[in-house]
Each structure stands twice: as structure tokens, then as C-alpha cells.
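Input: a single structure, listed below in C-alpha cells.
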Amino acid sequence: MPQPHALFPALADALALHVVTGARRSRTELPNGYAVAAGFGPHGPADDLRVAVFAPSPQGPTRICNAVFSPGTALPAATRLLARAVREAPAVPCAPTVRPARADVAAHLTIGVPEQRPDEPGLFVEYGHATAWLCDGRLGVTLGSAATGGSLTLSGPWDAMAVAAVVDSALLELTDAQALAAEVSALLPARWNRVLHDQWHPAAAVVLPRHSPGPDDPLGRVFSRELMAVGRELLASSPDLEVQPFYSNEGAAVALRVARREARVPELVKFARLIPPRAGEPPVSVLHSEYVPPAVRAARRTVLAAGTGRK
């Protein structure tokens, strides 16, 4: 395992120096036996940035990934993504290449909507305007058009959890999904400023309180009112934002989803489900919020329309 305090700053410095000097090709030795080679596409610094990262192994420096970043990609984001690939890379990179199953990778993803499309190879992951495509060790991320985003080709015996971590990182870094969370956190008081990126869309964030309802508020009603007041204050200070609550099984708000209004982020859907009763007990109605991908919503509407005879 590389030492982050030494390796990652050195990686950032090597890439920054390459970009600033505009060298056609460069190779830099990094701490702990790692190395990075960088170059540009045929049109020089105005073209894609191409990077290869090498790790130490019993057979000498071994390539763990190749990466290509479009000209508009922020260099810090590209550096963080490569750093994540280094952290997740196989301990023995010179071992035979292993490609984990798509379903195994999808099970470990923490953001986006994974899907396997008919008649198309690989695993697709939708994250707002970004789409990741994983096939035979190659990960590509496009941001609305094929000319924007980046790609990584992984070499060596990568396992499903490590590949999923790299997919997550690629989507987060190339969409700058952490930006809104940092912005919202700065607007909130310390008691409420635990803000994370949204699981489904890069233009949204989730506000999670640092405290829980007290013993005198078992259903979270008082807590819910406090949280909704925070949401109203947030809207008053930033009219360009939208706020929607997450509901618990008891119908109380337990967190807030904040989104940029101009991004037109699909809203959460509130569901109410009736839990069958146990022997001698009444049925229980469960209310909660969840995100339903637009394609799934459209399919549900089609099914409902077919059932009612409407078009």
C-alpha cells in the first residue's frame, strides 16, 4: 500500500509540471517505486492528456492503468482519480489480468444507476448528465457528449470492489459532484452542516444532521420541524437552490436533499406501503422517500397507462 503523504503530492506535482511545460512526453519516478508517464494527443497541449501509472512488483515497474482526459478536465480532479486508482490497485499488479463480473461490480457501487443494456456489452452507470461504461477492464465516462470526460484502462488482477471504487471516483471527480456539498455546508450552522454528495445526481447534495431526535421526541416530530426550518432558511439565503425532505417510516423528515434549480434534478418520490399485519396486530403503513430513475418512472407510467387503457 503506497504512503499517501508522499506519493500523491508527488503525482500531482509531476502532472502539473508536465502540463505547465507542455512537454510532449515525460516520465517521473515517484516515491515507493511508483512512476507516472504523461503525454498529449497529436495536437499537443490543446489535445487530450494521456497518463500511465506504474506500480512496483516482483517483475519490476508494472502498469496498473492508462488514462485519457479530455482538455476540459480539471487537473486536480484527474490527479485525485489517478490517486484513487493507485490506492485500489492490486497488491501484485504483475499477476494475470482478472476481469470481475459486471453484476459483482454493480453490487459494490455507491452512486449512480447501474444497468445492462440489451444488445450492448458492458455495464452502464447513469449519474445525472454523466454516463460511465465499463467493459473488459476499460472504464469510460462521458459528460453529455463523447468529446468530454475521460477513460481508464485497468491492468492486472482487479477485484470487483476495487473496480467499483474507481467507477465511483471517476463519476464524482469528473462531474465535480463534491462542489455543491461544500457550498451548502458553508451556509449551514455547525449543528446541521454534515453535507454529502447525492447518490443519484452530481448537482444535488444531502444534508444529514449531526444529532438525532432525543428520548422525548421518539417519532422525530420536533426534529423534523427543526430540519424543515433549516431548509427554509437555506432557500431564503440561496434562492437558486431547491430543497426536498427524506421521510422516515413514521412520516417525519430525517434529512434534506438540496439541488441546483437550474439543473432540473429529478425529484424524490414519496411512497406509502402497507405492511401485512402480524397475528393479533393491525397492518402498518410505511412512508418513505426514494429516488426512481427517469427510465423506470417512464416504464411505470407506460404500465399504468396500459392497465387503464390510456395512451
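For Val141, the criteria (1) on the phi > 0 side of the Ramachandran plot; (2) open to solvent by less than 10 Å² (accessible area, probe 1.4 Å) hold in every case but one, which is (1). Does His18 count as open to solvent by 50 Å² or more (accessible area, probe 1.4 Å) and free of Cβ contacts under 8 Å to residues at least 40 places away in the same chain? No, not satisfied. Among Ala101, Ala85, Ala77, Ala52, which is modelled with pLDDT of 90 or more, surrounded by 20 or more Cβ atoms within 10 Å (Cβ to Cβ) and either hydroxyl-bearing (Ser, Thr, Tyr) or within 25 Å of the chain's Cα centre (by Cα) (or both)? On inspection, the qualifying residue turns out to be Ala85. Kindly check whether there is at least one residue in region 40-47 that is more than 26 Å from the chain's Cα centre (by Cα), among the hydrophobic types (A, V, I, L, M, F, W, C) and surrounded by fewer than 19 Cβ atoms within 10 Å (Cβ to Cβ). Yes: one or more hits. Going through (1) under 26 Å from Pro93 (Cα atoms); (2) open to solvent by less than 30 Å² (accessible area, probe 1.4 Å); (3) at pLDDT below 95 one by one, Ala37 falls short only on (3).
When the residues of region 55-74 are narrowed to those that are within 15 Å of Arg138 (Cα to Cα) and open to solvent by 10 Å² or more (accessible area, probe 1.4 Å), which ends up farthest from the chain's Cα centre (by Cα)? Result: Arg63. Of all the residues in region 133-153, those that are in contact with a strand residue (DSSP E or B) (Cβ under 6 Å, 6 or more places away or on another chain), hydrophobic (A, V, I, L, M, F, W, C) and farther than 18 Å from Ala77 by Cα number 2.
Consider Thr153 carefully, then state whether it is surrounded by fewer than 18 Cβ atoms within 10 Å (Cβ to Cβ), in contact (Cβ under 8 Å) with a residue 40 or more places away in the chain and under 28 Å from Arg260 (Cβ atoms). No.
The values are calculated or read from the model by the stated rules, or taken from the named source; none is laboratory data. The shown structure was predicted, so the numbers you read here are calculated from the model rather than taken from an experiment. Backbone-built Cβ (ideal geometry, glycine too); neighbour counts: all protein chains shown. Remember, those area values only see protein heavy atoms, side chains included, never the ligands or the DNA or RNA. Shrake-Rupley method; radii C 1.70, N 1.55, O 1.52, S 1.80 Å.
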